[in-house]
Amino acid sequence: MHATPQNGQQKNGHQKNGHAPLAGFTVGVTAARRADELGALLQRRGATVLHAPALRIVPLADDSELLSATKELIDHAPDIVVATTAIGFRGWIEAADGWGFGEALLQCLRGVELLARGPKVKGAIRAAGLTEKWSPASESMAEVLDRLLEEGVEGKRVALQLHGEPLPGFIESLRAGGADVVGVPVYRWMPPEDLAPVDRLLDATVARAVDALTFTSAPAAASFLARAEDRGMSIELFAALQHDVLSACVGPVTALPLQARGVETVQPERFRLGPLVQTLCQELPSRARTLPIAGHRVEIRGHAVLVDDELRPVPPAGMSLLRALARRPGWVVSRAELLRALPGSGRDEHAVETAMARLRTALGAPKLVQTVVKRGYRLALDPAAGSKYAD
């Protein structure tokens, strides 16, 4: 999935001042599941999306671990079953049907205390003709654990539908309470068969060609970091994530692999894709550099610039020059220093003049950047703003 930003007025109310909130920003999507949905939400708000699934999901019918766990539960019924995701619960029932154990599994589940983590899981349980005993209002596994421990699990057999996310302390706490815990691995995560998209996203992240990365599962975050390590890019990746590229996670569990390596993350209050996108809509524009230049309001975004709220796409070389100038607004930056800011430009300072001409054209306001004869270039910072931005 790779889309260009959308411009102009939209009907969904996500526009502000004639441009979408994520216009001019590039967002990386690492999800394997529901990536199209997340990408569409981002694109509708103006973002350019780079999709690189950091994982693949092992097909349920081919998973011998799930088959083994299903047979064990049918033969030795548990007292309690905890269903954690709707797609996982449905997939479990469908896989059992495919193996010829569908009715036996349903019969087993009719006789147990069935707990559902949230409303979507509750819907999947009822669609299978079953009824849950309880579901937490918070959709939190912590609340599920609290209830189980309060009721007591000593001597009870508890089946837990795993969903690819680590559940820190959950199984350990149940076992410490005296439970016999059986994990049901409804789907397992594996590295993607085609690593090229992940490598492209890693390269783009290190080059600061993306403004944010989204993570919707802890295994995806861990897999992305592991691939960087395999390629010897960990130091460069962490430098980018700690300073320039925002890590947006759907929830605290997803953020754990990143936070364990010292990477700060942002998360929505509700652990859903919509709120995740809304978080980006707030965070990315707030991080953009805004300057008063030559009588214009200039906001520097990832691959575009807002000049008086008009979105102006800028070529990568031009953005490199503009960022170098914006680090010291109003101060003269030499051609030699600007040349170093240009990616792969060699030693010819003429490359600076060429890129500068294209930058001025892209901005649509040539007077934003002034030429200082024999010295270099400077942003024409408005006089009243000079003291605020001086070194």
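Determine if the range 224-247 includes at least one residue that is more than 24 Å from Gln282 (Cβ to Cβ), open to solvent by 10 Å² or more (accessible area, probe 1.4 Å) and assigned to a strand (DSSP E or B).
For the range 224-247, residues more than 24 Å from Gln282 (Cβ to Cβ), open to solvent by 10 Å² or more (accessible area, probe 1.4 Å) and assigned to a strand (DSSP E or B): absent.
Could you check Pro343 against (1) without any contact (Cβ under 8 Å) to a residue 24 or more places away in the chain; (2) in a loop (DSSP other than H, G, I, E, B) and say which number it fails?
With (1) without any contact (Cβ under 8 Å) to a residue 24 or more places away in the chain; (2) in a loop (DSSP other than H, G, I, E, B) applied to Pro343, the lone miss is (1).
Give the residue that is modelled with the highest pLDDT, with candidates limited to residues of the range 220-240 that are over 12 Å from the mean Cα position of the chain (by Cα) and under 15 Å from Val29 (Cα atoms). Give the steps one after another, and end with the answer.
Taking the range 220-240 as the starting set, the residues that turn out to be over 12 Å from the mean Cα position of the chain (by Cα) are 222-223, 225-240.
Applying the additional criterion that residues be under 15 Å from Val29 (Cα atoms) yields 222-223, 225.
Details: Ala222: 90, Ser223: 92, Leu225: 95.
Checked the range 220-240; the qualifying residue modelled with the highest pLDDT is Leu225.
Can you tell which of Ile74, Ile87 is in a helix (DSSP H, G or I), of a type in the set (Val, Ile, Thr) and either over 27 Å from Pro119 (Cα atoms) or modelled with pLDDT under 90 (or both)? Quick ask: steps written out before the conclusion?
Numbers: Ile74 fails: either over 27 Å from Pro119 (Cα atoms) or modelled with pLDDT under 90 (or both).
On inspection, the qualifying residue turns out to be Ile87.
Consider Asp97 against the criteria (1) of a type outside the set (Lys, Arg); (2) open to solvent by 60 Å² or more (accessible area, probe 1.4 Å); (3) touching a helix residue (DSSP H, G or I) at 6+ places or on another chain (Cβ under 9 Å); (4) at pLDDT 95 or above: it satisfies all of them except one. Which criterion is unmet?
Condition (4) is where Asp97 drops out.
Testing Thr361 on (1) part of a helix (DSSP H, G or I); (2) touching a residue at least 12 places away in the same chain (Cβ under 8 Å), one condition comes back false. Which one is that?
For Thr361, the failing item is (2).
For the range 32-59, how many residues are assigned to a helix (DSSP H, G or I), touching a residue at least 40 places away in the same chain (Cβ under 8 Å) and open to solvent by less than 40 Å² (accessible area, probe 1.4 Å)?
Number satisfying all stated conditions: 4.
Could you identify the single residue in Ile87, Ile80, Ile125 that is among the β-branched types (Val, Ile, Thr) and open to solvent by 30 Å² or more (accessible area, probe 1.4 Å)? I'd like the intermediate steps shown before the answer.
Numbers: Ile80 fails: open to solvent by 30 Å² or more (accessible area, probe 1.4 Å); Ile125 fails: open to solvent by 30 Å² or more (accessible area, probe 1.4 Å).
The match here is Ile87.
Does Pro192 satisfy the criteria of being in a loop (DSSP other than H, G, I, E, B) and under 21 Å from the mean Cα position of the chain (by Cα)? It would help to see each step written out before you state the result.
Values: in a loop (DSSP other than H, G, I, E, B): yes; under 21 Å from the mean Cα position of the chain (by Cα): yes.
For Pro192, the condition - in a loop (DSSP other than H, G, I, E, B) and under 21 Å from the mean Cα position of the chain (by Cα) - is met.
Open to solvent by less than 50 Å² (accessible area, probe 1.4 Å), more than 26 Å from Pro53 (Cβ to Cβ), touching a strand residue (DSSP E or B) at 6+ places or on another chain (Cβ under 6 Å) and in contact (Cβ under 8 Å) with a residue 40 or more places away in the chain: is that true of Val158 in this structure? Spell out the reasoning first.
Details: open to solvent by less than 50 Å² (accessible area, probe 1.4 Å): yes; more than 26 Å from Pro53 (Cβ to Cβ): yes; touching a strand residue (DSSP E or B) at 6+ places or on another chain (Cβ under 6 Å): yes; in contact (Cβ under 8 Å) with a residue 40 or more places away in the chain: yes.
Answer is yes for this residue.
Just give me the residues in the range 107-160 being in a strand (DSSP E or B) and farther than 26 Å from Lys71 by Cβ, in sequence order. Before you say what the answer is, go through the steps one by one.
Within the range 107-160, the first condition is being in a strand (DSSP E or B), and the residues that meet it are 113-116, 134, 157-160.
Correct list: Trp134 only.
Which residue pairs have Cβ atoms under 6 Å apart, sit 6 or more places apart or on different chains, and have a first residue in the range 258-284 that is more than 16 Å from Thr30 (Cβ to Cβ) and without any contact (Cβ under 8 Å) to a residue 60 or more places away in the chain and a second that is surrounded by 18 or more Cβ atoms within 10 Å (Cβ to Cβ) and β-branched (Val, Ile, Thr)?
Pro268/Thr279
His2 is checked against (1) surrounded by fewer than 18 Cβ atoms within 10 Å (Cβ to Cβ); (2) modelled with pLDDT under 85; (3) under 30 Å from Val181 (Cβ atoms) and fails just one. What number does that condition carry?
Tallying (1) surrounded by fewer than 18 Cβ atoms within 10 Å (Cβ to Cβ); (2) modelled with pLDDT under 85; (3) under 30 Å from Val181 (Cβ atoms), His2 fails exactly one: (3).
Quickly run through the range 289-318 and pick out the residues that are open to solvent by less than 20 Å² (accessible area, probe 1.4 Å) and assigned to a loop (DSSP other than H, G, I, E, B).
Of everything in the range 289-318, those that are open to solvent by less than 20 Å² (accessible area, probe 1.4 Å) and assigned to a loop (DSSP other than H, G, I, E, B) turn out to be Arg301, Gly302, Val314.
From (1) more than 14 Å from Phe25 (Cβ to Cβ); (2) at pLDDT below 95, pick out the condition that doesn't hold for Ala304.
All conditions are met except number (1).
Of the residues that make up the range 68-76, is at least one of a type in the set (Ser, Thr, Tyr), more than 32 Å from the chain's Cα centre (by Cα) and surrounded by 20 or more Cβ atoms within 10 Å (Cβ to Cβ)? Don't jump to the end; show me each part of the working.
Quick first cut of the range 68-76, residues of a type in the set (Ser, Thr, Tyr) only: 68, 70.
Now restrict to residues that are more than 32 Å from the chain's Cα centre (by Cα): 68, 70.
Then keep just the ones that are surrounded by 20 or more Cβ atoms within 10 Å (Cβ to Cβ); that gives 70.
Yes, that holds for at least one residue.
Within the range 248-272, restricting attention to residues that are closer than 19 Å to Ala47 by Cα, out of contact with any strand residue (DSSP E or B) (no Cβ under 6 Å at 6 or more places or on another chain) and surrounded by fewer than 20 Cβ atoms within 10 Å (Cβ to Cβ), which residue is modelled with the highest pLDDT? Step through it out loud before you land on a result.
Step one: of the range 248-272, the residues closer than 19 Å to Ala47 by Cα are 248-250, 266-268, 272.
From the residues that got through so far, the ones that are out of contact with any strand residue (DSSP E or B) (no Cβ under 6 Å at 6 or more places or on another chain) too are 250, 268, 272.
Add one more test, that the residue is surrounded by fewer than 20 Cβ atoms within 10 Å (Cβ to Cβ), and what stays is 268, 272.
On the way: Pro268: 93, Arg272: 85.
Here the answer is Pro268.
Would you point out the residue of the range 161-213, among those that are of a type in the set (Ser, Thr, Tyr) and modelled with pLDDT under 95, that is most open to solvent (accessible area, probe 1.4 Å)?
Ranking the qualifying residues of the range 161-213, first place goes to Ser173.
The values are calculated or read from the model by the stated rules, or taken from the named source; none is laboratory data. Keep in mind it's a predicted model, so treat the numbers as computed, not measured. Glycine also receives a Cβ, built like all others from the backbone with ideal geometry; neighbour counts cover every protein chain displayed. Heads up: the accessible areas ignore ligands, DNA and RNA and are worked out on the full protein's heavy atoms, side chains in. Shrake-Rupley method; radii C 1.70, N 1.55, O 1.52, S 1.80 Å.
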